[in-house]
Amino acid sequence: MDCELCHGAGGALLWQNDLCRVVAVDEPGLPGFLRVVLQRHVREMTDLPADERSRLMAVVFAVEAHVRQSLEPDKMNLASLGNMTPHLHWHVIPRWRDDRHFPGPVWSAARHEAPVPPARAEAATRMCATLPAVLAAFTD
């Protein structure tokens with residue numbers, strides 16, 4: 001199987017347990033973009049047993065809450081698409097009215113150039129550094 005999320009982390013590894021991992025995504029102009037990736041190859045949420053679905057979503061929601069608290073974005077985007085990479089993963093994306101894609105999806109063409117305010121980039125770095133402590137409760 002040629003699955004990039006089976007053979008690589010999918011970003012800079014921040015935390016993991018037996019079920020999933022959280023990685024920082026290097027997406028220019030979008031500081032704080034994280035991904036929650038299932039540790040094994042599964043295509044859809046409904047392919048997981050109910051207890052694993054609940055555990056995975058608890059991590060996704062904890063990540064979202066930490067991003068919101070740390071970065072205070074204008075909006076949060078949660079997405080599980082997998083059209084290009086059919087390996088179960090959730091995108092956790094803080095959005096600001098001044099980001100280069102807003103209000104469109106981050107995968108759309110940029111609407112304008114928008115440099116990231118340095119304070120926002122620094123806050124995203126701090127958020128990534130403190131995330132493992134927040135997720136310690138999910139470590140098996």
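Numerical summary
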{"item": "Condition check for residue 50: open to solvent by 40 Å² or more (accessible area, probe 1.4 Å), without any contact (Cβ under 8 Å) to a residue 12 or more places away in the chain and of a type in the set (A, V, I, L, M)", "result": "yes"}
{"item": "Residue 123 being among the hydrophobic types (A, V, I, L, M, F, W, C), modelled with pLDDT of 95 or more and loosely packed, with under 13 Cβ neighbours inside 10 Å", "result": "no"}
{"item": "Residue check, residue 65 of a type in the set (A, V, I, L, M, F, W, C) and farther than 15 Å from residue 23 by Cβ", "result": "yes"}
{"item": "Of all residues making up the stretch 26-52, the number that are under 23 Å from residue 100 (Cα atoms) and part of a strand (DSSP E or B)", "result": "2"}
{"item": "Test: residue in the stretch 56-70 that is over 14 Å from residue 25 (Cβ atoms), part of a loop (DSSP other than H, G, I, E, B) and open to solvent by 20 Å² or more (accessible area, probe 1.4 Å)", "result": "no"}
{"item": "Filter result (aliphatic (A, V, I, L, M) and open to solvent by 40 Å² or more (accessible area, probe 1.4 Å)) within the stretch 79-113", "result": "81, 84, 109, 110"}
{"item": "Every pair of residues 6+ apart whose Cβ atoms lie under 8 Å, when the first sits in the stretch 100-119 and is of a type in the set (Asp, Glu) while the second is assigned to a loop (DSSP other than H, G, I, E, B) and surrounded by 13 or more Cβ atoms within 10 Å (Cβ to Cβ)", "result": "113/100"}
{"item": "Number of the condition not met by residue 76 [criteria: (1) more than 17 Å from residue 19 (Cβ to Cβ); (2) in a helix (DSSP H, G or I); (3) open to solvent by less than 20 Å² (accessible area, probe 1.4 Å); (4) not hydroxyl-bearing (Ser, Thr, Tyr)]", "result": "(2)"}
{"item": "Unique match (being farther than 30 Å from residue 2 by Cα and within 16 Å of the chain's Cα centre (by Cα)) among 136, 119, 124", "result": "124"}
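The values are calculated or read from the model by the stated rules, or taken from the named source; none is laboratory data. Remember, predicted model here, so these are calculated numbers, not experimental data. Counting neighbours? That spans all protein chains shown, and the Cβs are built from the backbone with ideal geometry, glycine included. Side chains are part of the model used for accessible areas, which takes the heavy atoms of the whole protein and leaves out ligands, DNA and RNA. Shrake-Rupley method; radii C 1.70, N 1.55, O 1.52, S 1.80 Å.
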